[in-house]
């Protein structure tokens, strides 16, 4: 395990919660995402709540790696789309609004939403899961 990321699998939901505990270097961020995928694969969980409030800023290169390399690989590994609730601070939300190309809600292999309230983030994952089960 790593000291900058806490991963919690909630089997009853089923959701995997990833909480960044501090700002992380680009190498740590990649390591953390790979750890997240390992746990998700172990438990076969495609619904993720990512608490980014303490993670710190990321470079355009890392955003590109996450969107173009990591998420497509994760969807392939888990044999289905990934559903992401990003739990962020209001300041982070403001930054995202200034740089809309850094965030895509629907990337084909994953569907994501941004929230500043953890309860809403969790509810969206639950609703999405229920909709997928009906379809």
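Every read-out reported here was derived from the displayed coordinates using simple, explicitly stated rules and does not represent laboratory data. For clarity, every value in this text was computed on a predicted model and none was experimentally measured. For neighbour counting, all protein chains shown are included, and Cβ atoms are generated from backbone atoms with ideal geometry for every residue, glycine included.
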**Asked** With each label point set 7 Å from Cα along the Cα-Cβ vector, what nm distance links residue 131 and residue 30?
**Response** 3.4 nm
**Request:** Sum -39500 (n - 2.57) across every DSSP H segment of at least 4 residues in the chain, then divide by the residue count to get the 222 nm mean residue ellipticity, nearest 500.
**Result:** -13000 deg cm²/dmol
**Prompt:** Once you wrap a convex hull around the alpha carbon atoms of the chain, what is its projected area averaged over all directions, in nm²?
**Reply:** 7.6 nm²
**Complete:** Least to most buried among 65, 124, by other C-beta atoms within 10 Å and fewest first, runs 65, 124
**Fill in**
Once residue 91 and residue 79 are pulled to full extension, the length gained, defined as 0.36 nm per residue separation minus their Cα-Cα distance, is 0.9 nm
**the chain: antiparallel DSSP beta bridges as a percent of all, rounded to 5** = 30 percent
